[in-house]
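**Q** There's a structure below that I have some questions on.
The values are calculated or read from the model by the stated rules, or taken from the named source; none is laboratory data. The shown structure was predicted, so the numbers you read here are calculated from the model rather than taken from an experiment. Here the Cβ positions follow ideal geometry from the backbone for every residue, glycine too, while neighbour counts run over all protein chains shown. Just so you know, the surface numbers come from the protein's heavy atoms only, side chains and all, with ligands and any DNA or RNA stripped out. Shrake-Rupley method; radii C 1.70, N 1.55, O 1.52, S 1.80 Å.
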Amino acid sequence: MKTQTVTIARKGGIAIVTYDRGGRANAMSFDVMDELAAAALDFVDDTDLKCVVLTGTDRIFSAGMDLSDPVFDQINEMSLRDKRHYSERGPRLARAWAGIEVPVICAIEGPCLAGGLALASMCDFRVSSRSARFGAPEVQVAHNMGWHSVPRLIALVGVQATRRVLLAGEEWTADEARRLGFADEVCEAGGALGAAKRMADRIAGYPGLAVRMIKRQIDASAHALDYATSAYDKDQQLVAWMSDDFQAARAKFAK
């Protein structure tokens, strides 16, 4: 599979998914969210798959949603039904990646922020280079933290660290992310993809059926209520989009 921004390369039972939209932020437009979700869903019937590696560019994973997407200029003119359809894009993307049956390793270079942090939290492992930094400036742009990511973050780093990153503007270095439990491995700058591939090779060497079953057991035990506790994500997101504060934040972002 290859689109304008998403490429899937295959080496035996390992799939390497690269997201590269270009630009400084590697931000996710609505169309890109659909492409990334389609990439994840492409693995549903692939019984030969052993492991997936997700990565951005060699400079940045992603700074999150693209606030300059022209869709935002049209939101006010849409029917409520269409507005909710667009606000479902992010949660649908998150569910697609969380639902992959085999382990998913996220290789992170540079900033991993906002929607990028949310997407990374859906993966099973995160390999971070020392160039990485993690944060979620949603509250600064009058936005909720959605995409089913809040229960995932709490499960990974605990309630207080989640509060600090979402409400108090805290950012984590790679080493801080490792200490908190968000990053599973830290390597030198430029080495995240290579380290993720080595982890994928190790996992791919194990019996595939057992790996799939164990991942399912872990997910069922750790994340059984994630979608229940984040069921209103898309409606909160829609409320945020309609607020004067969000419109002001977009105008400031455009400058």
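**Q** Pairing the Cα long axis of helix 89-98 with the longest principal axis of the chain, what angle in degrees results, from 0 to 90 and rounded to the nearest 10?
**A** 10 degrees
**Q** Next question. For the chain, what % of the accessible area comes from carbon and sulfur atoms, probe 1.4 Å?
**A** 53 percent
**Q** Ok, one more. Considering only C-alpha atoms, what is the centroid distance from the stretch 94-144 to the stretch 207-254, in Å?
**A** Between the Cα centre of the stretch 94-144 and that of the stretch 207-254, the gap is 11 Å.
**Q** Quick check on the chain: of the DSSP beta bridges with both residues there, what percent are antiparallel, nearest 5%?
**A** 30 percent
**Q** Let me ask another. Sort 7-18, 46-57 by the packing proxy (mean of other Cβ within 10 Å over each peptide's residues), most packed first. Write down the numbers at each step before the final one.
**A** On the way: 7-18: 16.6, 46-57: 20.5.
By packing density, highest mean first, the sequence is 46-57, 7-18.
**Q** Hey, which lysines would be in cross-link range of residue 50, C-alpha to C-alpha under 16 Å, not counting anything within fewer than 8 residues on its own chain?
**A** 11, 197, 215
**Q** Moving on to the next point. Compute the long axis of helix 208-223 from its Cα atoms, compare it with the longest principal axis of the Cα atoms of the chain, and write down the angle in degrees, 0 to 90, nearest 10.
**A** Orientation of helix 208-223: about 40 degrees from the principal axis.
**Q** Taking the Cα centre of the chain as origin, work out the dipole magnitude from +1 charges on Lys and Arg Cβ and -1 charges on Asp and Glu Cβ, in debye rounded to 20.
**A** Working: 31 positive and 33 negative charges, 91 e Å.
Dipole of the chain, to the nearest 20 debye: 440 debye.
**Q** Any idea which of 177, 144, 38 is furthest toward the positive side of the dipole for the chain, if Lys and Arg beta-carbons carry +1 and Asp and Glu beta-carbons -1?
**A** Towards the positive end, the residue furthest out is 177.
**Q** Over the Cα atoms of the stretch 115-255, how large are the radius of gyration and the largest Cα-Cα distance (Dmax), in Å?
**A** Considering the stretch 115-255 through its Cα atoms, Rg and Dmax are 17.1, 53 Å.
**Q** When ranked by the protection proxy of mean other Cβ atoms within 10 Å per residue, highest first, what sequence do the peptides 94-102, 108-116 form?
**A** Output ranking for 94-102, 108-116: 108-116, 94-102.
**Q** Here is a further query. Quick one: accessible area per residue over the chain, 1.4 Å probe, rounded to a whole number of Å²? Could you put the intermediate results ahead of the total?
**A** Values: 12110 Å² over 255 residues.
With all protein chains present, the chain gives 47 Å² per residue.
**Q** Two decimals is fine: what's Rg over Rh for the chain, C-alpha atoms, Kirkwood radius as Rh?
**A** Dividing the radius of gyration by the Kirkwood radius yields 0.95.
**Q** How big is D for the stretch 26-123, in µm² s⁻¹ as a whole number, if Stokes-Einstein is applied with the Kirkwood radius of its Cα pairs at 25 °C and 0.890 mPa s?
**A** In µm²/s, the coefficient is 172.
**Q** While we're here: If we count every other residue with Cβ under 13 angstrom of residue 141's Cβ, Lys/Arg +1 and Asp/Glu -1, where does the sum land?
**A** Taking every other residue near residue 141 into account, the sum is -2.
**Q** Moving on. Might you report the magnitude of the Cβ-based charge dipole of the stretch 35-107 about its Cα centre, with Lys and Arg at +1 and Asp and Glu at -1, to the nearest 20 debye?
**A** 300 debye
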